[in-house]
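The values are calculated or read from the model by the stated rules, or taken from the named source; none is laboratory data. This one's a predicted model, so the numbers in the text were calculated from it and none came from an experiment. Methodologically, a virtual Cβ is constructed for each residue, glycine included, from the backbone with ideal geometry; neighbour enumeration extends over all protein chains shown.
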Amino acid sequence: MKITRFLSYVIAAGLIGMAPAHASYPDQPVRILVGFAAGGPADITARLAAKVLSEKLGGQFVVVNRAGAGGGIATSHVVSAEPDGYTLLLAAFADVLNPIMTPDLPYRLSRDFSPITRITGVGNVLVVHPSLPVNNVGELVAYAKAHPDDLNYGSAGIGSASHLAGELFGALADVKTTHVPFRGTAQAQVAVQQGSVQFMFDSLISALPNYQAKKVNALAVTTADRSPGAPELPSVKEQGYPDYDLTSWFGLVAPAGTPDAIVNKLADALREGLQSEEARQALLTLGGLPDDMSPTEFDAYIRSEEGRWGRLFESGLINIRD
């Protein structure tokens, strides 16, 4: 009996030793890197994800801001990290665009990362200076065609979502306007409010307060459908431009090669936690709602985005050389 009992202990100990490492995941702090400064939509989204995952998985998830290069600094760091689930990236729309705009970048989101889930998608808002005599997209297009080369639009910088929104608008509406890049959204907002540029595609979280204070007029949102954060604003698409859709999205990814069990564990926890009313309200302030994409669905979405924007750039429809 003693020998039998001893052998059972040995076998049990062996089985414990053979247990996969992900069974106890996470047993140390997990870092979520964000490629943008604290306080912005990406940072807010990352902190919500960290809170949800900490509560659901019982581990410590911490947000680390590595701003710069349009999000590229954080992305480059995570792509070379150990694929063990302890270094994650708050991926953004910019992570699809950066390799398209700079082909020599050593990473592609679809190739070098393991998608976990898309957290939310938000739109920009087309805002104009109150002195501009337009009340909708059609009137803005008519005004631009009647006053060629007279309209300037501001952006947060070359290659930013606000820049691309303006380029896509000009291409699809067949109007010529002049792009004026600024060092960030705040400077562009001031320029629109002062009238030194006539319009811009501002983020919803900052556009709405200025619109409500009558500092600017809001004409449309850039997403294909109306935004839950501003349901009264029609989309550019529904105002006559069916191919217009620019969604600034955020999601969670891990380095390629991260075990599927860890990816699925993170995805299940985050997708469940995002359905809470608290998470819903937090995302609503950004102009979005919680998504529910599986890792496979998020992977397909990323590949679709890369293909769509790649074709727009290759065709010359989008031109960012200023």
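Can you tell me which residue is farthest from the chain's Cα centre (by Cα) among those in the stretch 21-72 that are among the hydroxyl-bearing types (Ser, Thr, Tyr) and in a helix (DSSP H, G or I)?
Filtering the stretch 21-72 for residues among the hydroxyl-bearing types (Ser, Thr, Tyr) gives 24-25, 45, 54.
Now restrict to residues that are in a helix (DSSP H, G or I): 24, 45, 54.
Details: 24: 30, 45: 9, 54: 21 Å.
Filtering the stretch 21-72 for residues that are among the hydroxyl-bearing types (Ser, Thr, Tyr) and in a helix (DSSP H, G or I), the one farthest from the chain's Cα centre (by Cα) comes out as 24.
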**Complete:** If you go through 312, 266, 284, 317, the only one that is of a type in the set (A, V, I, L, M), in contact with a Gly (Cβ under 9 Å, 6 or more places away or on another chain) and either without any contact (Cβ under 8 Å) to a residue 12 or more places away in the chain or surrounded by fewer than 20 Cβ atoms within 10 Å (Cβ to Cβ) (or both) is 284
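Can you say whether residue 269 is more than 17 Å from residue 93 (Cβ to Cβ) and either within 15 Å of the chain's Cα centre (by Cα) or not assigned by TED's automatic domain parsing to the domain that holds residue 139 (or both), as far as the supplied structure shows? Please lay out each step first, then the result.
Working: more than 17 Å from residue 93 (Cβ to Cβ): yes; either within 15 Å of the chain's Cα centre (by Cα) or not assigned by TED's automatic domain parsing to the domain that holds residue 139 (or both): yes.
It is true that residue 269 is more than 17 Å from residue 93 (Cβ to Cβ) and either within 15 Å of the chain's Cα centre (by Cα) or not assigned by TED's automatic domain parsing to the domain that holds residue 139 (or both).
Filter the stretch 257-272 down to the residues that are among the charged types (D, E, K, R) and under 19 Å from residue 120 (Cβ atoms) and list them by number.
Initial filter on the stretch 257-272 (among the charged types (D, E, K, R)): 260, 265, 268, 271-272.
Listed by number, the residues that qualify are 268, 271, 272.
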**Message:** Can you report the number of residues in the stretch 69-80 which are in contact (Cβ under 8 Å) with a residue 40 or more places away in the chain, crowded, with 18+ Cβ neighbours inside 10 Å and touching a strand residue (DSSP E or B) at 6+ places or on another chain (Cβ under 7 Å)?
**Reply:** 4
**Request:** Go through the residues of the stretch 176-189 one by one and say whether even a single one is buried (at least 24 other Cβ atoms within 10 Å of the Cβ) and closer than 15 Å to residue 248 by Cα.
**Result:** no
**Message:** Any residue that is assigned to a loop (DSSP other than H, G, I, E, B), of a type in the set (S, T, N, Q) and either within 9 Å of residue 117 (Cβ to Cβ) or in contact with a helix residue (DSSP H, G or I) (Cβ under 9 Å, 6 or more places away or on another chain) (or both) - is there at least one of those in the stretch 280-287?
**Reply:** yes
**Message:** Please list, ordered by residue number, the strands (runs of 3 or more DSSP E) wholly in the stretch 178-262 having 1 or more residues that are outside the structural domain of residue 299 (by TED's automatic domain parsing), touching a residue at least 12 places away in the same chain (Cβ under 8 Å) and more than 28 Å from residue 88 (Cα to Cα).
**Reply:** 178-181, 199-203, 217-221
